[in-house]
Amino acid sequence: MIQNYKRNSSFFVLLQSLLLIKPEGDGFYALFKCVFPILKAGLESLVNGGDVLLDEFNSEMLRSALMSAESSGNQLDYSKIKDLFVFFASSKFKHAFHKHLHFLAEQCSVSPTRILSKFLTDEGVPTAVQVESLQCYASLCSLSQDKWQAKILAKFPSILVPLAGDDQTIRVASMKCIDELRALWCRIERSGKNNGNNTTWFHFLGELILLLVQQKKPILSDKKFLPSLFASTLGSSCHNILVPQNMENRFDQPTKERILEFILGSALKFSNYGKLMNLSLLKGVGYAIIHHNIAPVLSRSMKQYYDDRSKSSQKFSNTRTQIMCLLLESCVMSSPSGGIDL
């Protein structure tokens with residue numbers, strides 16, 4: 001009992017020191033760099049041992065310290081914010097850190113979409129971190145900060161990655177996020193009309209998000225539905241038995257091209273895992289996914305693949321091999337020239 005008390009007390013002393021540090025120069029950052037590994041390892045040990053007493057833990061103290069540091073200009077860098085987010089989101093007592101997660105996403109100077117998008121598109125991110133990232137993303141949609149609104153909408157393709165996954169909890173959280181994106185898009189559109197601004201660029205995205213919201217139930221019920229929906233609405237193939245009739249007429253050809261260019265252009269910035277997930281969703285579209293940005297990716301992948309094989313190298317990952325095979329299949333099966341033009 002005495003040992004547990006001492007260990008808990010050490011956390012409170014460290015947290016209190018975050019409040020007492022003078023907000024000048026790099027003091028807060030330097031202190032954080034020193035104590036964070038200790039706090040992380042110690043709290044994980046206490047949690048695993050069942051020794052954490054939340055009644056004694058004043059989480060508001062840490063939130064106040066973070067807010068004080070941010071307002072005084074002692075801003076944590078990108079990697080430290082990521083570490084804190086994962087630390088809070090992965091904790092068994094993450095409900096005690098709920099405000100901290102939202103603060104990190106909403107208030108820190110680093111673009112929140114940059115942080116959250118990485119958690120959604122990288123491979124191997126824990127389920128708890130992905131779910132909390134999606135919840136924070138949805139929360140951002142309801143904020144009135146105009147500086148983030150366009151970036152939040154522009155990161156929409158990153159939400160397709162967890163939506164295409166196997167974990168149903170993550171898929172449900174992804175759809176809730178898309179619901180909030182739809183509400184945000186509507187507010188931006190109304191604001192644009194009232195102010196006389198041109199919102200043409202956002203129109204095709206709003207139509208795509210609306211389609212997903214309308215088809216929410218089958219998307220969540222069957223993982224195979226979303227690829228089929230994209231194949232019918234964005235491709236030139238005949239009606240797919242899994243989707244409602246006349247979906248192939250949902251968008252005109254220019255809108256289809258804008259949507260594909262937007263999703264694929266964004267996917268190129270993702271990790272290889274994120275690229276593969278988005279390309280897999282669009283596989284049924286066929287040759288149309290080989291637009292001017294994707295064709296060079298395929299050419300470079302094929303060149304490196306054969307270079308690595310000739311050197312008996314193992315550098316070419318399984319994920320990159322799957323991307324290359326998927327693109328080749330799209331070319332051969334759908335190209336009028338049978339893929340000879342590539």
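Where helices (runs of 4 or more DSSP H) fall entirely within region 237-342, those with at least 3 residues that are at pLDDT 90 or above and touching a helix residue (DSSP H, G or I) at 6+ places or on another chain (Cβ under 7 Å) are at 253-267, 272-281.
Hey, can you tell me all the residues within region 249-277 that are over 28 Å from Thr321 (Cα atoms) and either crowded, with 18+ Cβ neighbours inside 10 Å or touching a Leu at 6+ places or on another chain (Cβ under 8 Å) (or both)?
Start the filter on region 249-277 by keeping residues that are over 28 Å from Thr321 (Cα atoms), which leaves 249-255.
Result: Arg250, Phe251.
Selection of first residues in region 280-309 that are assigned by TED's automatic domain parsing to the domain that holds Ala231 and closer than 11 Å to Ser330 by Cβ and of second residues that are modelled with pLDDT of 80 or more and basic (Lys, Arg), restricted to Cβ pairs under 8 Å at least 6 apart or on distinct chains, gives the following pairs, ordered by first then second residue: Ala288/Lys256; Ile289/Lys283.
Quick check on Leu160: is it outside any loop (DSSP other than H, G, I, E, B), assigned by TED's automatic domain parsing to the domain that holds Leu212 and either in contact with a helix residue (DSSP H, G or I) (Cβ under 9 Å, 6 or more places away or on another chain) or at pLDDT 90 or above (or both)? Taking the combined requirement at face value, the residue satisfies it. Of all the listed residues (Gln149, Gln168), the sole one being over 21 Å from Ile263 (Cα atoms) and free of Cβ contacts under 8 Å to residues at least 60 places away in the same chain is Gln168.
Scanning region 77-104 for residues that are at pLDDT 70 or above and among the aliphatic types (A, V, I, L, M) gives Ile81, Leu84, Val86, Ala89, Leu101. Contact annotation: no residue pair with Cβ atoms under 9 Å, 6 or more positions apart or on different chains, pairs a residue in region 250-262 that is not assigned by TED's automatic domain parsing to the domain that holds Leu281 with a partner that is surrounded by 17 or more Cβ atoms within 10 Å (Cβ to Cβ).
The values are calculated or read from the model by the stated rules, or taken from the named source; none is laboratory data. Source: prediction; values computed, not measured. Using ideal geometry, Cβ is built from the backbone for each residue, glycine included, and neighbour counts are taken over all protein chains shown.
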